[in-house]
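Below: one structure, written as structure tokens.
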Amino acid sequence: MKLTPAQSEKIARTVIWAAALLVIGLLSFIIVYILVKGLPVINVQFLTDNPRSMGRTGGIASSIVGTFMVTVLAIAIVIPFGIGTAFYLAEYTKGNMLTRVIRFSAESLAGIPSIVYGLFGFIFFVIYLKLGWSILSGGLTLAFMILPTVIRTSEEAILAVPLIYREVSFSLSATKWQTISRVVFPSALLGIVNGIILSIGRCVAETAAVMLTAGLALGMPTSIFSPTRTMAVHFYVLAMEGISTENAFGTAALLIVLILLINVVANTLVNRFMAKGR
Amino acid sequence: MTDNVLSSNQRVKLRTDSLNLFYGSFHALGDISMEIYDRSITAIIGPSGCGKSTLLRVFNRMNDLIPGVRVEGEVLLDDFSVYGKNTDVVSLRRKVGMVFQRPNVFPKSIYDNIAIGPRKHGIKRTRQLDEIVEHSLCQVALWGEVKDDLKKSGLELTPGQQQRLCIARAIAVEPDVILMDESCSALDPESTMKIEELMFSLVEKYTIIIVTHNMEQALRVSDMAAFLMIGQDRIGKLVEYGPTIGMFSSPKDKRTEDYITGRFG
């Protein structure tokens, strides 16, 4: 049996639509399921109380603070190194041995499972540098983990800036640094920020790497040397140890809401910033 | 308006002496020697790929951005060696500004587009910047059209206005020389005419070198014309250089005649 072009067109259309619908359906099912199970748990007390009796009762305030601190620290560490490396690769070299080594390393780092980062962080930061289980160890480890993403997305954003902008800037007798800081960087900012938002999401959601480096402590952290249990880890422990499925769903729902919020807020900020120039 | 005739004692602003330029092993320009006169409009004409833009970009060392470029011979701006060992490219480009083929305003406000150059040179006082912006926009006859919209994005202007904004941006750093690389080729005839009128007023203060594909334009605006062509050896050479009127009325070289009468190119 031979298909007419019209028939094959129809079949292809159906298959592609079905695939897309399936994916959207599955995704929304997961999100809705977690939100339906978790949102009823979330109330003011859940957000402001520290966990009690291993998280069976009480809230997750200390975990929220710990997650926030670990993420902010990781992002603060990664921004100068990641963006600096991206500018070095994109603007200061023309494909020599060193850039090949950097690119190869970054690509390899990107492919490593996060538990390996956790193990590295545990051995190097926690034990060798004697930082212990702490927000600092966790932040440093996460910074290493997201570094390749930040480098790659920033470099792509920088390379996407039209060459003519650089030429115009040079023709106005700008130095290389002035060209980069006043013309290339502002034009690439949107892409760079997008990469960082992506990384914030990964930090907030990361489990394995922070469990081994920031620890499992339930207390409210007092400094970056305090151990902490991030929300994703808390959720994992609650579910794995069978402590409280209810609170696990509550934490998961909050994580999802948080990541959605980060994306929305960051997009709005970036759009407003870009709109000023348009 | 210029009368297309140069007085014999006109001062030389730019001079090239046996200029050779290579892109890697490719010999792009061969033995170009010419003198460009102060406060005149010089047109570089020739068929596509003959090295017109390359020659233009020698004067502000824009070719430096391309890896593997090598320049031999001497290029002088006044008495200042453009390719000298100790030449500061940044201060060279302050004296030699450039306007590109397409209007390429930055995605910033009209004001910031013009202020970007002066700010780079350390001018921070708002009053001084305001003055520079107004003065530059007046010189390109854009002030009347945009004076109430300085905060508006430069991208909202028409292409013709954008190109005049680019010229204003170039003159805001007060260069001596303005290079224009086919700066009208992306514009409609009316905008082209406005820019040509602009050249006539700017040439009282600046030395202007243009690259153009448009013979009528070269004849209309330029005092001097340089005809470039690729020889048998694939090297771009200066075939003929002289007052535009003379070249167009009685070209000395057969190849020039063939080109300007539209027989090829």
Fill in the blank from the handout: For the protein assembly as shown, the per residue accessible area (1.4 Å probe, Å²) is 49
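Find the Rg to Rh ratio for chain B, where Rh is the Kirkwood radius over alpha-carbon pairs and Rg uses the same atoms.
Details: Rg = 18.5 Å, Rh = 19.1 Å.
Expressed as Rg/Rh, it is 0.97.
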Exercise for the section: Using only Cα atoms, find the angle between the long axis of helix B:110-120 and the longest principal axis of chain B, and express it within 0 to 90 degrees, rounded to the nearest 10. Expected result: 70
Fill in the blank from the handout: Computed over region B:2-81, the relative contact order (Cα-Cα under 8 Å, seq sep at least six) in percent reads 40
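If you roll a 1.4 angstrom probe over the protein chains with everything in place, what fraction of the accessible area of region A:54-277 belongs to carbon and sulfur, to the nearest %?
On the way: 7410 of 10190 Å².
Carbon and sulfur together cover 73 percent of it.
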Fill in the blank from the handout: Which of A:11, A:42, A:262 fluctuates most in a GNM of chain A (C-alpha springs under 10 Å)? That residue is A:11
Exercise for the section: Relative to the longest principal axis of the C-alpha atoms of chain B, give the angle of the C-alpha long axis of helix B:126-139, reported between 0 and 90° and rounded to the nearest 10°. Expected result: 50
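Could you sort A:97, B:193, A:231 by accessible area so the largest value comes first, with the probe set to 1.4 Å?
On the way: A:97 130, B:193 105, A:231 0 Å².
Result, largest first: A:97, B:193, A:231.
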Practice task
With all protein chains present, calculate the accessible area of residue B:166 using a 1.4 Å probe and round the result to the nearest 10 Å².
Solution key: 10
Exercise for the section: List every residue whose amide H lies under 5 Å from the amide H of residue B:230, counting only residues 5 or more places away in sequence or on a different chain, with H placed 1.01 Å from N in the peptide plane. Expected result: B:237
Handout entry: B:64, B:38, reordered so the largest accessible area comes first (probe 1.4 Å)
Key = B:64, B:38
Problem - Between 0 and 90°, nearest 10: helix B:159-171 axis offset from chain B longest Cα axis - result: 90
Practice task
At a Cα cut-off below 14 Å, give the aspartates and glutamates reachable from residue B:124, other chains included and same-chain residues fewer than 8 away excluded.
Solution key: B:112
Problem - Estimated dipole of chain A in Debye, rounded to 20 [Cβ of Lys and Arg +1, of Asp and Glu -1, Cα centre] - result: 480
Practice task
Specify the residue with the greatest mean-square fluctuation among B:74, B:182, B:190, computed from a Gaussian network of chain B linking alpha-carbon atoms under 10 Å apart.
Solution key: B:190
Fill in the blank from the handout: So, relative contact order of region A:1-83 in percent, Cα under 8 Å, 6 or more apart, is 13
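Heavy atoms only, probe 1.4 Å: what % of the accessible area of region B:12-264 goes to carbon and sulfur, would you let me know? Could the numbers behind the result be given before it?
Working: 5190 of 10670 Å².
Here carbon and sulfur together make up 49 percent of the probe-accessible area.
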Exercise for the section: Would you be so kind as to list the residues of region B:92-135 that have their accessible area lowered by at least 50 Å² in the full protein complex compared with their chain by itself (1.4 Å probe)? Expected result: B:93, B:100, B:106, B:107, B:120
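Taking the Cα centre of the protein assembly as shown as the origin, how large is its charge dipole in debye, to the nearest 20, when only Lys and Arg (+1) and Asp and Glu (-1) carry charge on their Cβ atoms? Could the numbers behind the result be given before it?
Details: 52 positive and 45 negative charges, 304 e Å.
Dipole magnitude for the protein assembly as shown comes out near 1460 debye.
Could you run the numbers on buried accessible area between B and A, total for both chains, 1.4 angstrom probe, in Å² to the nearest 100?
Values: alone 12690 and 15840 Å², together 26530 Å².
Roughly 2000 Å² of accessible surface disappears when B and A pair.
Report, in listed order, any pair from B:95/B:147; B:95/B:205; B:95/B:237; B:95/B:152; B:52/B:237 with a Cα-Cα distance greater than 20 Å. Intermediate results must be reported in sequence, preceding the final value.
On the way: B:95/B:147 27 Å; B:95/B:205 13 Å; B:95/B:237 26 Å; B:95/B:152 29 Å; B:52/B:237 10 Å.
Table pairs above 20 Å Cα-Cα are B:95/B:147; B:95/B:237; B:95/B:152.
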Practice task
Please work out how much accessible surface residue B:27 shows to a 1.4 Å probe, ignoring ligands, DNA and RNA, in Å² rounded to 10.
Solution key: 50
Practice task
Give the ranking of A:175, B:256 by solvent-accessible surface, highest area first, calculated with a 1.4 Å probe.
Solution key: A:175, B:256
Problem - At least 50 Å² accessible surface lost relative to isolated chain, residues of region A:171-219 (1.4 Å probe) - result: A:171, A:172, A:173, A:182
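Nearest 20 debye, what's the magnitude of the dipole of region A:132-212 about its Cα centre given +1 on Lys and Arg Cβ and -1 on Asp and Glu Cβ?
Working: 5 positive and 4 negative charges, 30 e Å.
Taking the Cα centre of region A:132-212 as origin, the dipole is about 140 debye.
Taking Cα pairs under 8 Å and at least six residues apart, what relative contact order does chain B come out at, in percent? Before the final figure, lay out the partial values.
Values: 498 pairs, mean separation 74.4, N = 265.
Result for chain B is 28 percent.
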Exercise for the section: Identify all lysines with a Cα-Cα distance to residue A:10 below 27 Å; exclude those on the same chain that are fewer than 8 residues away in sequence. Expected result: A:2
Completion exercise
Out of B:13, B:152, B:95, a Gaussian network model of chain B with alpha-carbon springs under 10 Å gives the largest mean-square fluctuation to B:152
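The values are calculated or read from the model by the stated rules, or taken from the named source; none is laboratory data. Quick caveat, the model's predicted, so the values are computed rather than measured. Here the Cβ is made from the backbone with ideal geometry for all residues, glycine too, and neighbour counts use every protein chain on show. Ligands, DNA and RNA are stripped out before the accessible areas are found, and what is left, the full protein with its side chains, is counted by its heavy atoms. Shrake-Rupley method; radii C 1.70, N 1.55, O 1.52, S 1.80 Å.
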